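The values are calculated or read from the model by the stated rules, or taken from the named source; none is laboratory data. Note that the coordinates shown come from a computational prediction; the quantities given were computed from them, not determined experimentally. Methodologically, a virtual Cβ is constructed for each residue, glycine included, from the backbone with ideal geometry; neighbour enumeration extends over all protein chains shown. For accessibility, only protein heavy atoms count, side chains too; no ligands or nucleic acids. Shrake-Rupley method; radii C 1.70, N 1.55, O 1.52, S 1.80 Å.
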Amino acid sequence: MAQMKDRAVATLIGDVVGSRRARDRAGLHDRLARALRGIAPGAVDAPLVTVGDEFQGSYATPGAALDAAWRLRLRLSPDVDVRIGLGHGPVARLDETTQDGPGWWAAREAIDWVKQTQSRATTEHLRTAYRSADEGPEVAAVNAALQCRDHLVGVMDERSLRILAALVAGQSQAAVAQAEGISASAVSQRVRSAGIGVVRLAAEQLAGVEAS
């Protein structure tokens, strides 16, 4: 881990939705660990599984953490879903393996709020929330974007989720069409009408969020 003391970072705490119902928990763990390695580049502290199905990591900016959380969801979709709390604030290292501080408390508050709020019918698709313990980006604006994005993703069918994930991973629409066995125009239609285009735009803008 990178050495840091009382440094403001963007923190990430997450867990797998409904993991206790998984028939192959070892397989689920392995898949989660592989997906986390895929979002480790650029992290201050590489995201790792901590206990059970919970994972934690930290990034230099809120935008980097938001982007990592988003890419993790897509790597695991459509058959594995995660909820994630993101925070920003000072973090101190207590020893070689333990960190503490307002940055982590903010992320914990965020994921606890997600767990509580997603039980409501109007916000059942909510999976991501952000809190700040310092003068970070405007919390309400970031959360409004996350709530809208999560809802659009939550109502997509599995094919649209696969198309979204493939496009975010850098595949062309032609390659996606071939993989899905549909025409390129059908992919374009989904990008326009299924919310894929606007979801990608929102994610790109969130990835640019900086601390004040």
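Condition (residue is over 16 Å from the mean Cα position of the chain (by Cα), open to solvent by 40 Å² or more (accessible area, probe 1.4 Å) and of a type outside the set (K, R)) applied to the stretch 42-51: is it met by at least one residue? Checked against the condition, which is being over 16 Å from the mean Cα position of the chain (by Cα), open to solvent by 40 Å² or more (accessible area, probe 1.4 Å) and of a type outside the set (K, R), the stretch 42-51 yields at least one hit. Can we say A141 is at pLDDT below 95, in contact with a helix residue (DSSP H, G or I) (Cβ under 7 Å, 6 or more places away or on another chain) and under 26 Å from G85 (Cβ atoms)? Answer is no for this residue. Of the residues D95, D150, D112, which is closer than 23 Å to R192 by Cβ and charged (D, E, K, R)? Just a single option satisfies the conditions, and that option is D150. Checking the stated criteria, R159 turns out not to satisfy the condition of being crowded, with 19+ Cβ neighbours inside 10 Å, free of Cβ contacts under 8 Å to residues at least 60 places away in the same chain, over 20 Å from L206 (Cα atoms) and among the basic types (K, R). The residues in the stretch 106-138 that are open to solvent by less than 40 Å² (accessible area, probe 1.4 Å) and either over 24 Å from S19 (Cβ atoms) or not basic (K, R) (or both) can be counted, and the count is 14.
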